[in-house]
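Written below as structure tokens is the structure these notes are about.
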Amino acid sequence: MKIRRAGNQLFYTVITALALSILFGIAAQADNFRIAKGGMRMQDMQTGTGLVAVEGMIATIQFTAWLEKQGVRGKQLYSSRNSGESVSFVIGTDKVMPAWNEGVLGMQVGGIRLLQVPPEMAYGQRAIDDVIPAGSSMQFIMELVRLEE
């Protein structure tokens, strides 16, 4: 009987240790997010090389956009990769949403970044056609394809 209890105790100890390592792994992964301007959360998924994106440079990106509800990725809205068209903008201008201006800063060509964007850093209280409701949070995965000074 003592052997069986010892075996059960070892089993429960191993299962508990495994569960805790998974939980801490998830927590550590969540800690990889940085809080940026406007409460946006950013996580680098891949680091690029070369020039570092700063205000005034022309950034060319590929991106995929989703609606988000309470941190959970919802309906995919658009992917520039699917359309075959990248998007270029001068970093720091009002030609794109604030999340893109802030989100691309510090990236290098080839870098990929996940953005979790509160409404104020996206479209705010404006609805975009019948696709993006007013007050929507969004997620973007953006890849920096090219930088020009």
Translational diffusion coefficient (Stokes-Einstein; Kirkwood radius from C-alpha pairs) of the stretch 25-149 at 20 °C, 1.002 mPa s, in µm²/s = 146
Work out Dmax and Rg for the stretch 47-119 from the C-alpha atoms and quote the Rg first, both in angstrom.
-> 12.6, 35
Rule-of-thumb Rg ratio for the stretch 108-149 [Cα; 2.2 N^0.38 Å; N residues] | 1.45
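Do any GluC sites (Glu not before Pro) in the stretch 44-126 lie in a DSSP loop with no more than 12 other beta carbon atoms within 10 Å, and if so, which?
Values: sites: Glu55, Glu68, Glu85, Glu102, Glu120; in loops: Glu55, Glu85.
Those that pass, being in a loop and sparsely packed, are Glu55, Glu85.
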Table column - 3J(HN,Hα) (Hz), the stretch 60-69, Karplus curve with 6.51, -1.76, 1.60, x for Gly and Pro | 10, 10, 10, 8, 10, 10, 9, 6, 9, 10
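With a cap of 15 neighbouring Cβ atoms within 10 Å, and only residues DSSP puts in a loop, list the trypsin sites (Lys or Arg not before Pro) found in the stretch 54-133.
Numbers: sites: Lys69, Arg73, Lys75, Arg81, Lys95, Arg113, Arg126; in loops: Lys95, Arg126.
Here the trypsin sites (Lys or Arg not before Pro) that fit, given the DSSP loop and packing criteria, are Lys95, Arg126.
Since every read-out is calculated from the coordinates, none of them should be taken as a lab result. These figures come from a predicted structure and were not determined experimentally. Every residue, glycine as well, gets a Cβ built from its backbone with ideal geometry; the counts of neighbours run over all protein chains shown.
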